[in-house]
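Visitor: Got a structure for you, written out below as structure tokens; questions coming shortly.
The values are calculated or read from the model by the stated rules, or taken from the named source; none is laboratory data. Here the structure is a predicted model, which is why all the values come from computation and not from measurement. No Cβ is skipped: glycine too gets one built from the backbone with ideal geometry, and neighbour counts run over all protein chains shown. Heads up: the accessible areas ignore ligands, DNA and RNA and are worked out on the full protein's heavy atoms, side chains in. Shrake-Rupley method; radii C 1.70, N 1.55, O 1.52, S 1.80 Å.
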Amino acid sequence: MTDEAGRAGAKLEQTHEGEFHGDMGDSGPAIAITKSTKLFCFCAALNSCNLGYDIGVSSQAGILVQDTMGLSDTRIEVLMGSLNLFAMVGALLSHVVADRWGRRGAFVIAAVSFIVGVVIQAAALNYATLMVGRAFVGVGVGSGLAIDPVYIAEMSPAAHRGRLVTWSEIALNVGLVLGFASGAVFYEIPADTAWRYMFGMGAILPTIMIFLAIFVMPESPRWLVSKGQEEKAKSVLQKLYPPSYNVDQIVYEIKESIEREVSAEKAIGWDMILFPTPAFRRMLFVGIGAAVAQQAVGVDALQYFLAFIVNESGIQTRGGQTAVLVVLGLVKLVFIFVGGYFFDRKGRRPVFFVSLLGMAAALVLLSVTFFGDTPNSTFAVCGLALYFAFFSVGMGPGAWLVPSEVFAITVKTRAMSVATFMNRVTATLMASTFLTTATAMSYAGFFLLLAGVC
């Protein structure tokens with residue numbers, strides 16, 4: 001590839017879609033972001049709150065479910081970890097749904113699945129029914145998460161696309177805090193009833209999402225163009241770009257982009273993923289490796305079983321556990337902004353190293369805290385706070401930033417699918433074996449193992 005071709009490829013890649021709208025500011029100031037763009041992207045990002053809420057509420061409700069239903073550690077960790085397994089199914093189905101019924105239709109279907117799931121969980125009288133509800137929730141979460149970044153990328157100008165796509169990660173952590181806080185809302189209610197209300201509250205956000213998808217959010221212009229509805233696409237683009245912007249040119253470039261993707265589909269297919277050249281093999285190793293590493297450090301396992309860990313540290317009242325979980329959730333949320341600041345100014349590798357070293361140190365502190373018969377709850381909370389802070393600084397957002405940058409545009413869609421799939425597989429394995437492993441090795445040994453992984 002010539003230098004000129006390389007520079008052109010870099011410009012194209014910044015759009016994350018394959019079409020270059022000339023709005024990156026190369027020949028002048030980047031275009032201003034419109035209020036409509038912010039509104040539509042905010043609505044889409046809100047969908048990610050569902051996963052965050054489920055993780056947060058499950059951490060507290062899980063320990064209540066285990067106590068009231070008398071579930072074994074194996075059953076409760078399968079219940080928690082299975083969400084990622086079902087989410088993989090939802091993610092695989094999302095593209096079919098989004099291509100056939102549009103992005104808005106995909107949002108509605110994902111929200112309906114989530115609502116059905118939380119209602120079944122809230123009304124469950126036995127373990128089997130809980131698992132059925134978990135399956136619906138997982139499919140809804142997986143399909144919603146897969147379509148969020150796609151919709152935001154297709155609705156935002158290239159000059160602002162990267163920042164707007166990160167709103168999904170922020171929304172996920174807002175949902176996490178809300179899930180943790182749900183324990184405070186039902187603190188005075190008996191445990192065998194409280195967890196049902198906590199799960200049931202999960203229906204509020206997806207209900208709002210259905211309203212927004214039907215009455216507020218327009219269809220993606222890219223999807224409209226792919227279906228031959230160019231006039232509707234122009235109408236949407238006029239809301240996304242300043243009044244003087246030539247949306248006819250954008251429609252033309254979207255059509256060209258779709259044609260290029262169809263050509264690449266026929267020419268390359270999955271061969272470059274399944275039988276990569278040495279150069280592509282290194283690229284796949286870095287991108288997929290980053291996605292796997294994000295979960296190999298145990299973040300989902302710790303989040304789903306955070307109440308169990310806090311309980312083991314000596315904080316055994318529901319009120320105390322709720323307060324600690326909310327604080328930890330806020331720490332994780334705040335440090336996402338810190339990570340975004342340093343990624344842009346210090347580069348990817350240095351921030352990754354700082355993140356991993358900080359997490360390793362936090363896990364060593366946790367390991368030392370849990371040695372002996374009486375763990376120090378203060379040190380345990382500090383160790384968890386440091387772990388989530390350093391995770392948000394680097395491994396959290398960076399695990400998806402790196403793949404999006406290293407994958408060539410000709411294989412980006414498929415490579416990102418593989419990276420997401422492997423990320424969820426790793427999360428499932430970690431969350432579904434946490435209690436068993438921690439019991440076998442002790443909490444101290446398990447945290448030390450995770451520190452070695454970092």
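Visitor: Could you list all residues from segment 105-142 that are in a helix (DSSP H, G or I), open to solvent by 10 Å² or more (accessible area, probe 1.4 Å) and either more than 30 Å from residue 66 (Cβ to Cβ) or not hydrophobic (A, V, I, L, M, F, W, C) (or both)?
Guide: Hits for segment 105-142 are 105, 108, 109, 113, 127, 129.
Visitor: In segment 30-89, which residues are over 17 Å from residue 139 (Cα atoms), surrounded by 24 or more Cβ atoms within 10 Å (Cβ to Cβ) and of a type in the set (S, T, N, Q)?
Guide: 59, 60
Visitor: Please name all residue pairs, on different chains or six or more residues apart, with Cβ atoms under 6 Å, provided the first residue is in segment 432-452 and is in a helix (DSSP H, G or I) and the second residue is of a type in the set (Ser, Thr, Tyr).
Guide: Matching pairs, first to second residue: 444/367; 446/437; 447/367; 448/367.
Visitor: Here is a list of conditions, (1) assigned to a helix (DSSP H, G or I); (2) more than 23 Å from residue 300 (Cβ to Cβ), and residue 145 meets all of them except one; can you say which number that is?
Guide: Of (1) assigned to a helix (DSSP H, G or I); (2) more than 23 Å from residue 300 (Cβ to Cβ), only one is false for residue 145: (2).
Visitor: How many residues are touching a residue at least 40 places away in the same chain (Cβ under 8 Å) and over 22 Å from residue 198 (Cα atoms) when one looks only at segment 106-133?
Guide: 3
Visitor: Let me ask you something else. Can you tell me which residues in segment 322-366 are of a type in the set (S, T, N, Q) and farther than 16 Å from residue 454 by Cβ?
Guide: Matches in segment 322-366: 322 only.
Visitor: Still on this structure: Only residues that are open to solvent by less than 40 Å² (accessible area, probe 1.4 Å), under 21 Å from residue 356 (Cβ atoms) and not aliphatic (A, V, I, L, M): list them for segment 371-393, please.
Guide: Those that are open to solvent by less than 40 Å² (accessible area, probe 1.4 Å), under 21 Å from residue 356 (Cβ atoms) and not aliphatic (A, V, I, L, M): 383, 387, 388, 391, 392.
Visitor: Can residue 390 be described as in contact with a Ser or Thr (Cβ under 6 Å, 6 or more places away or on another chain), closer than 21 Å to residue 294 by Cβ, part of a helix (DSSP H, G or I) and in contact (Cβ under 8 Å) with a residue 12 or more places away in the chain?
Guide: So residue 390 fits the description; yes.
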